[in-house]
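**Q** Below you will find the structure I want to go over with you.
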Amino acid sequence: MKFDVLTLFPEMFEPLRQSIIGRAEEKKLIDINLINIRDFSKDKHKKVDDTPYGGGAGMIMRADVVYEAYKSINDKDAKVIYLTPQGKVLNQKKVENLSKEKHLILLCGHYEGIDQRVIDKIVDEEISIGDYVLTGGEIPAMVLIDSVSRYVDGVLSEDSTFEESFSHGILEYPQYTRPETFENIKVPEILQSGHHENINKWRRCQALENTYKKRPELLEKAELSEEDKAYLLDIAKNKK
Ligand code: ADE
């Protein structure tokens, strides 16, 4: 999967090239190509922004400079995403759908924004990473690349993605590792029983309970079995 990132601050993406995403790039499972919008400025001082027509605070990124940077990519089939707080808020379903694309172009704004004419001309979709305002689209672009790359074949172990799809919209169960006793607290006994069916049932109940306590609103949209629903009813009754 290819990501082309249109940005004024390519250095900001350095931390992304660590750990799992770094290895995925080395293995050529994903390709992150950073394009510095400033390289496409025809101005002798490499200016990329100007004051807003109609007045007001801040500077606006110029349409012509952004458009030249976009044209350098030369792939009509790529999906162009503009990271902006005005976009639809990213969620796991959206992440999964985006991972089916072959080529994403991520446009990162900075300053007070980008001239609307180039947004209208090139952008297919606007995405926000949450209802708060950041100083630019670089961190949101990294969030998108990281979350989408996890779904690319070979980036994570088969088990991790299987377990995630199994959880179908609820939170994960708690995990434990050595030492067996930490500050007098033992690992739940069932996890050492070797009985995989019982362990899976226990984990499912823990995941449901976790979701009920921490993010109950997720349960409304989650895919739940009759057994799950019965268990949730039990939790609700015990809470009264
Ligand atoms: N740019 C600034 N804030 C943003 C946000 N919350 N999501 C996406 N892009 C942004």
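**Q** Sort 136-148, 13-25 for me by packing, meaning the mean count of neighbouring Cβ atoms within 10 Å per residue, highest on top.
**A** Result, highest mean Cβ count within 10 Å first: 136-148, 13-25.
**Q** Of the accessible area of the chain, with the probe set at 1.4 angstrom, what percent is carbon plus sulfur?
**A** That share works out to 49 percent.
**Q** May I pose another question? When ligands, DNA and RNA are left out and all protein chains stay put, how many square angstrom of accessible area per residue does segment 11-143 have with a 1.4 Å probe?
**A** 60
**Q** Would you mind calculating the relative contact order of the chain from Cα pairs under 8 angstrom and at least 6 residues apart, reporting the percent as a whole number?
**A** Here the relative contact order equals 19 percent.
**Q** Related question: Within a Cβ distance under 14 Å of residue 1, other residues only, what is the Lys/Arg minus Asp/Glu net charge?
**A** Here the count lands on -2.
**Q** Also, I was wondering about something else. Okay, helix-only estimate at 222 nm for the chain: each DSSP H run of n ≥ 4 adds -39500 (n - 2.57), divide by all residues, round to 500 deg cm²/dmol; what do you get?
**A** -11000 deg cm²/dmol
**Q** Kirkwood hydrodynamic radius, computed over distinct alpha-carbon pairs, for the chain: how many Å, to one decimal?
**A** That comes to 21.0 Å for the chain.
**Q** Follow-up. What ranking do 225-238, 57-70, 104-117 get when scored by the average of other Cβ atoms within 10 Å per residue, highest first?
**A** So the peptides 225-238, 57-70, 104-117, ranked by packing, come out 104-117, 57-70, 225-238.
**Q** ³J(HN,Hα) across segment 88-102 via Karplus (A = 6.51, B = -1.76, C = 1.60, θ = phi - 60°), whole Hz, x for Gly/Pro?
**A** After applying 6.51 cos²θ - 1.76 cosθ + 1.60, I find 5, 6, 5, 9, 4, 4, 5, 4, 4, 5, 5, 5, 7, 6, 8 Hz.
**Q** Quick one, could you list the DSSP H helices from the chain stretching 15 Å or more along their long axis (Cα atoms) with average Kyte-Doolittle hydropathy of -0.5 or above?
**A** 138-149
**Q** Residue 40 accessible area, nearest 10 Å², 1.4 Å probe?
**A** 60
**Q** OK, next. If you find the alpha carbon centre of segment 1-44 and of segment 123-138, how far apart are they in angstrom?
**A** Here the answer is 17 Å between Cα centres.
**Q** Run the dipole for the chain about the Cα centre, Lys and Arg Cβ at +1, Asp and Glu Cβ at -1, nothing else charged, and hand back the magnitude in debye, nearest 20.
**A** 200
**Q** Ok, one more. In whole Å, what are the extents of segment 181-239 along the principal axes defined by its C-alpha atoms, from largest to smallest?
**A** Projected onto the principal axes, the Cα atoms of segment 181-239 cover 36, 26, 19 Å.
The values are calculated or read from the model by the stated rules, or taken from the named source; none is laboratory data. This structure is a prediction, so every number in the text was calculated from the model and none was measured. Here the Cβ is made from the backbone with ideal geometry for all residues, glycine too, and neighbour counts use every protein chain on show. Keep in mind that these areas ignore ligands, DNA and RNA; they rest on the heavy atoms of the full protein, side chains included. Shrake-Rupley method; radii C 1.70, N 1.55, O 1.52, S 1.80 Å.
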